[in-house]
Amino acid sequence: MKKKTSSEPTCEQIIESLPDPFVVIDADFRIRSANSRYAKQFGYSVDDVIGRHCYAVSHRSDVPCSQHGEHCPLEHVFNVGEATQVIHVHYDQHGVEEQVRISATPLLDADGNIEFMGESMAPIRRPGVPTLLIGQSAQMLHVISLLQRVADTRTTVLLLGGSGVGKECVAQYLHQYSQRCDQPFVVVDCGVLGEQLIESELFGYEKGAFTGADKRKQGLIEAADGGTLFIDEIGELPQELQTKLLRVLESSTIRRIGETEYRHVDVRIVAATNKDLRQMVEAGLFREDLYYRLSAFPITIPPLRERKGDIAALAEHFLGMLENGDQYIPLAPDVLEALLDHDYPGNIRELRNVIERALILAAGDALSPDHIVIDRNGSSDAEGHAFQAEEAAPQNGGHAFLRRRAARPTDSAVLDALTRARGNRKQAASILGISERSLYRYLKDISMTTV
């Protein structure tokens, strides 16, 4: 009989060999074992973390994560009895927030009962990848968790949500965390293309296919070969093209306009809409088979009013992108309060406009709530060039005459013009048909009177 030369590996030796931070936690949230990668992540030694509550170490909190609105993997494992994956926000040894993917697994005793939970974690930010999705609210972390699960698959994803919620950023995120990240990310917006253009843009055409087709053109589906095609406003796709798109999804082949042979394409399609496609199917406006093919993995992007906890991070992100905006970070409490006092029907796009206007109105001074100008009526007349007729006094004994004087533009018109001119006051004044001096006076008035 062969002599045994070594003992069985211990639990500590096994978890120390794992490449990611790993911790063993009991039902009372206390850490029973951990590898050095876990301890180092939070600035401790292994001995320092043993016996401590896991939420005190990773979340820097006095209560479990479920009390902050996050999905708690430990409660899931012990209550449901199965493994789970979630996205959480942790704080590293320097107090810096980071999003991590947590994989939690039940650890059983000799009788098959759950005794502990094993938890591994991995950061989900890739080096060199820009931050596309801002926010740490429970709603946003849930979206990111879904994106992380589907990103590395070939599954078609349907993004749902109102205008301005950031569906294109979500599609880019999917692409960047997929195996196609080094390949093209191509966007087609069905909402801005006419019916005649959509087909030629999507599928391309051969020379001579129609009048004006003087050379061959590659379509956007073909241009995305190997990568991701993001089709925005998919509900605007004409019904005859819905059939052609269905063929692409089912056979991975396309045929250019005027071409006789089909060609193979390897494209992952992500579609988005702010319409109710199910309702469109019932009304006969959208193919049912295409709807089911597109909605294999639907993800709803929540409106900003449902995740107001992300407004501060989003606002500071936008300030950081604007010239001289860094000086206002972090936002003063009264400014943040003014930003939170609005439901943002235009979602993230509207918030960005509000921040850009505030920066213009501040003109280098301290940012205050007076600079948070929100058009609550939704009216905007940047092109408002209404004129008044005014009788002038006779000059040099001459007759009285009528002159035309521009009426004072509305506050919304002034702010819209500045937004369109990207803060260039000379250009904004030209848009409004007023002098720069008048524009400056109007800005001062807005700053003084707006609540």
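Tabulated results
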| item | result |
| --- | --- |
| Long-range neighbours under 7 Å by Cβ, at least six apart or interchain, first residue under 15 Å from HIS142 (Cα atoms) and modelled with pLDDT under 90 within region 76-91, second crowded, with 17+ Cβ neighbours inside 10 Å and among the basic types (Lys, Arg) | GLN85/ARG101; ILE87/ARG101 |
| Test for ASP48: is it touching a helix residue (DSSP H, G or I) at 6+ places or on another chain (Cβ under 8 Å), surrounded by fewer than 19 Cβ atoms within 10 Å (Cβ to Cβ) and at pLDDT below 85 | no |
| In region 153-175, the residues that are hydrophobic (A, V, I, L, M, F, W, C) and either under 10 Å from ILE301 (Cβ atoms) or outside the structural domain of ALA271 (by TED's automatic domain parsing) (or both) | LEU159, LEU160, VAL165, CYS169, VAL170 |
| Residue that is nearest to GLN218 (Cα to Cα), among those in region 161-171 that are surrounded by fewer than 19 Cβ atoms within 10 Å (Cβ to Cβ) and not small (Gly, Ala, Ser) | GLU168 |
| Set GLY364, GLY433, GLY384, GLY346: member being surrounded by 13 or more Cβ atoms within 10 Å (Cβ to Cβ), modelled with pLDDT of 60 or more and more than 25 Å from the chain's Cα centre (by Cα) | GLY433 |
| Matching helices (runs of 4 or more DSSP H) fully within region 205-302 where at least 2 residues are among the β-branched types (Val, Ile, Thr) | 239-251 |
| Any chance VAL265 is out of contact with any Gly (no Cβ under 7 Å at 6 or more places or on another chain) and at pLDDT 90 or above | yes |
| Residue that is outside the structural domain of VAL100 (by TED's automatic domain parsing) and either among the basic types (Lys, Arg) or outside any loop (DSSP other than H, G, I, E, B) (or both), where the choices are GLN183, GLN179, GLN196 | GLN196 |
| Residue in region 103-112 that is outside the structural domain of GLU70 (by TED's automatic domain parsing), touching a strand residue (DSSP E or B) at 6+ places or on another chain (Cβ under 7 Å), among the charged types (D, E, K, R) and more than 26 Å from GLY69 (Cα to Cα) present | no |
| Matching option when the condition is touching a Leu at 6+ places or on another chain (Cβ under 9 Å) and not assigned by TED's automatic domain parsing to the domain that holds LEU147, among ALA27, ALA34, ALA56, ALA83 | ALA27 |
| Filtered residue count, region 303-331, keeping only those that are of a type in the set (D, E, K, R), in a helix (DSSP H, G or I) and within 13 Å of the chain's Cα centre (by Cα) | 1 |
| Test: residue in region 204-217 that is closer than 28 Å to ASP152 by Cβ and out of contact with any Pro (no Cβ under 7 Å at 6 or more places or on another chain) | no |
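For every residue, the table says whether it meets (1) in contact (Cβ under 8 Å) with a residue 24 or more places away in the chain; (2) hydrophobic (A, V, I, L, M, F, W, C).
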site: ALA213; (1), (2): yes, yes
site: LEU229; (1), (2): yes, yes
site: LEU241; (1), (2): yes, yes
site: LEU249; (1), (2): yes, yes
site: TYR262; (1), (2): no, no
site: ALA271; (1), (2): yes, yes
site: GLU288; (1), (2): no, no
site: THR300; (1), (2): yes, no
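The values are calculated or read from the model by the stated rules, or taken from the named source; none is laboratory data. Small disclaimer: the values here were computed from a predicted structure and weren't measured. Glycine gets a Cβ as well: all are built from the backbone with ideal geometry, and neighbour counts include every protein chain shown.
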